[in-house]
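No value in this document is a laboratory result; all are computed from the given coordinates. Computed from a predicted structure; not experimentally measured. In this analysis, Cβ positions are derived from the backbone assuming ideal geometry, glycine residues included, and neighbour counts consider all displayed protein chains.
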Amino acid sequence: MLITQLKEKESIEALVNGKAFIINCFGCKEVHFPEKEAKEFQEELKAAGKVTEILTMDYICNPKNLELHLQNYKAEIEAADVVLVFSCGVGVQTVADFCADKKVFAACDTYELPGYQGVTPQLFDCDQCGMCFLNGTGGICPLTACSKSLVNGQCGGAKNGMCEVDPEMECGWERIQKRLEKLGRIDILKNAPVQIRDYSTDDATKEAKQSE
Ligand code: SF4
Ligand code: SF4
């Protein structure tokens, strides 16, 4: 199970430079999706002329399902400067892979709840860290795409683009670098402040607190 919470409105507004194509995922909303806050915020953006279209659908984490829906919105996506996704981290990553030449941003943070995680394609994993980093990584999760879950760039051990921990796996941070170069946003890596991860929502921390 998981919970999605809206990021600070100011931080989302800062991402919408121009117009946004908005995607809402209601697939797991029975657990928690900030539907009311998201709707109010999206109406504000729409009233300000910053929205090309709003698509609301189930399970954007299913790439085939997503592709079928997005086919109907090619013009609206093309007209948008950014794609703003209101979903868990898996959904944002699925959209970012599908719209690889667009800036795709997460409007929510994803928190973990103990229990059944549901059946979703595991092409794009999310550790439900509660402070989604995807907006600075071109939509590739540094926690799950990097063997060491580094949030401040690569460790320097990659060889020929492959991870030093798992030589069968492409280095997540090299993927992030390539994605940002493709988007013309490599400045994000050059200018990014040091990211500090809040481990208080981490599984191991929660387990340790429970056993105290
Ligand atoms: S950074 Fe990764 S683990 Fe954290 S919420 Fe985003 S997709 Fe999930
Ligand atoms: S080689 Fe890349 S993916 Fe592997 S641990 Fe280092 S930064 Fe992470």
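Compute the Cα gyration tensor for region 22-121, then decide on rounded, prolate or oblate, letting a ≥ b ≥ c be the square roots of its eigenvalues: rounded whenever a/c is under 1.5, prolate when a/b is larger than b/c in the other cases, and oblate in all that remain. Walk me through the numbers before you get to the answer.
Working: a/c = 1.99, a/b = 1.29, b/c = 1.55.
Cα axes put region 22-121 in the oblate bin.
Put a dot 7 Å past each Cα toward the Cβ at Lys190 and Leu150; how far apart are the dots in nm?
Once both label points are built, they end up 2.0 nm from each other.
Around Ile186, with a cut-off of 12 angstrom between Cβ atoms, what is the net charge of the other residues, counting Lys and Arg +1 and Asp and Glu -1? Don't jump to the answer; show the numbers that get you there.
Details: positive: Lys178, Arg179, Lys182, Arg185, Lys190; negative: Glu181, Asp187.
After counting each charged neighbour, the total is +3.
Take the alpha carbon gyration tensor of the chain, find the square roots of its eigenvalues, order them as a ≥ b ≥ c, and report rounded if a/c is under 1.5; if not, report prolate when a/b exceeds b/c, else oblate. The partial results should precede the final answer.
Numbers: a/c = 1.58, a/b = 1.21, b/c = 1.31.
The shape class here is oblate.
Using the structure shown, list the pairs from Lys36/Lys103; Lys19/Lys74; Lys103/Lys148; Lys7/Lys74 with a Cα-Cα distance above 18 Å, or answer none.
Numbers: Lys36/Lys103 25 Å; Lys19/Lys74 15 Å; Lys103/Lys148 26 Å; Lys7/Lys74 27 Å.
Pairs exceeding the cut-off: Lys36/Lys103; Lys103/Lys148; Lys7/Lys74.
Name the residue, out of Val165, Val90, Val151, whose mean-square fluctuation peaks in a Gaussian network model built on the chain with Cα pairs under 10 Å.
Val165
Please check: in the Gaussian network model of the chain (C-alpha springs, under 10 Å), which one of Ala145, Ala48, Ala79 has the largest mean-square fluctuation.
Evaluated over the chain, the most mobile residue of the options is Ala48.
Decide, for region 1-78, between rounded, prolate and oblate: order the square roots of the alpha carbon gyration tensor eigenvalues as a ≥ b ≥ c, take rounded if a/c falls under 1.5, and otherwise choose prolate if a/b is larger than b/c, else oblate.
Numbers: a/c = 2.11, a/b = 1.07, b/c = 1.97.
It is oblate, given that a/c is not under 1.5 and a/b is not larger than b/c.
Where both residues lie in region 2-198, what percent of DSSP beta bridges are antiparallel, nearest 5?
Details: 8 of 23 bridges.
So the antiparallel bridges in region 2-198 amount to around 35 percent.
Less than 12 Å apart at the alpha-carbon level, and either on another chain or at least 8 residues along: which aspartates and glutamates does that give for Lys190?
Candidates past the 8-residue exclusion: Glu181.
Pick out, in residue order, every one of the chymotrypsin sites (Phe, Trp or Tyr not before Pro) in region 91-182 that is DSSP loop and has at most 13 other C-beta atoms within 10 Å; say none if there are none. Display every interim value, and only then the final one.
Working: sites: Phe98, Phe105, Tyr111, Tyr116, Phe124, Phe133, Trp173; in loops: Tyr116, Phe124, Phe133.
Counting only loop positions with at most 13 other Cβ atoms within 10 Å, the chymotrypsin sites (Phe, Trp or Tyr not before Pro) in region 91-182 are Tyr116.
How much length is gained if the chain between Ala79 and Asn65 is pulled fully straight, taking 0.36 nm per residue apart and subtracting their Cα-Cα distance, in nm to one decimal? Working shown, then result.
Values: separation 14, 0.36 × 14 = 5.04 nm, distance 2.21 nm.
Between Ala79 and Asn65, full extension yields an extra 2.8 nm.
Please report how far the C-alpha centroid of region 53-90 lies from that of region 137-200, rounded to the nearest whole angstrom.
24 Å
Mind listing which GluC sites (Glu not before Pro) in region 99-201 are in a DSSP loop and have 11 or fewer other Cβ atoms within 10 Å?
Numbers: sites: Glu112, Glu164, Glu168, Glu170, Glu174, Glu181; in loops: Glu164, Glu168.
Within region 99-201, the qualifying GluC sites (Glu not before Pro) (loop, at most 11 other Cβ atoms within 10 Å) are Glu168.
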